[in-house]
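The structure under discussion appears below in the form of structure tokens.
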Amino acid sequence: MTLPMITPAEARRRLDSGAAILVDIREPMEHTRESIPGARLHSLSSFDAAALRGQAAPALIFHCQSGKRTCDNAERLLACGAPEAYILQGGLSGWKAAGNATTIDRSKPIVLQRQVQIAAGALIVLGLLLAWLVSPLFIALSAFVGAGLIFAGVSGWCGMAKLLGVMPWNRKPA
């Protein structure tokens, strides 16, 4: 079963009139970096349908970054028992594309997946540059990073993400 889509314009109208509540199902790190003003965080990793039961508004509008996670977890989200529930078309990206405002805190780290992409890309390019400028043996760096990405995709375990996750900028304040 799936939830019906709602356009950002219709969602904005319902939110402004108080006829809906916006629920962000992304992870806390994503939400603290950028969010839609007024969205309530109920991340999928700790989703509790009972916490959403009996909300003041008749409709719940769920969103993630692009809408895919929301669609993939529609049955879980339906368990909250809202009279009306929708998926925000295009998620946060669709919201912004429609010209709606978001709150961005650039002092917060970017999402770990993007950090891995940036680091892996930089290491591959560095390996290629060093192989060209210094020694062909540096191609091994690019090969190692590429092999690590393949392993992460196949196994679901990413050493680079684990390493980046313990970096000071990704640690939760005490």
Do you know which residues across region 140-154 are touching a Leu at 6+ places or on another chain (Cβ under 7 Å) and of a type outside the set (S, T, N, Q)? 141, 145
All-but-one check, residue 95 against (1) within 18 Å of residue 51 (Cβ to Cβ); (2) assigned to a helix (DSSP H, G or I), failing number (1)
Filtering region 22-57 down to residues that are surrounded by 12 or more Cβ atoms within 10 Å (Cβ to Cβ), aliphatic (A, V, I, L, M), touching a strand residue (DSSP E or B) at 6+ places or on another chain (Cβ under 8 Å) and farther than 20 Å from residue 96 by Cβ yields 52, 57
Search result, residues across region 128-146 that are over 25 Å from the mean Cα position of the chain (by Cα) and closer than 17 Å to residue 163 by Cβ: 141, 144
Residue check, residue 65 touching a Pro at 6+ places or on another chain (Cβ under 8 Å) and crowded, with 17+ Cβ neighbours inside 10 Å: no
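Throughout, read-outs are computed from the coordinates displayed, never taken from laboratory work. All values reported here derive from a predicted model rather than from experimental measurement. Don't worry about glycine lacking a Cβ; one is built from the backbone with ideal geometry, like all the others, and counts go over all protein chains shown.
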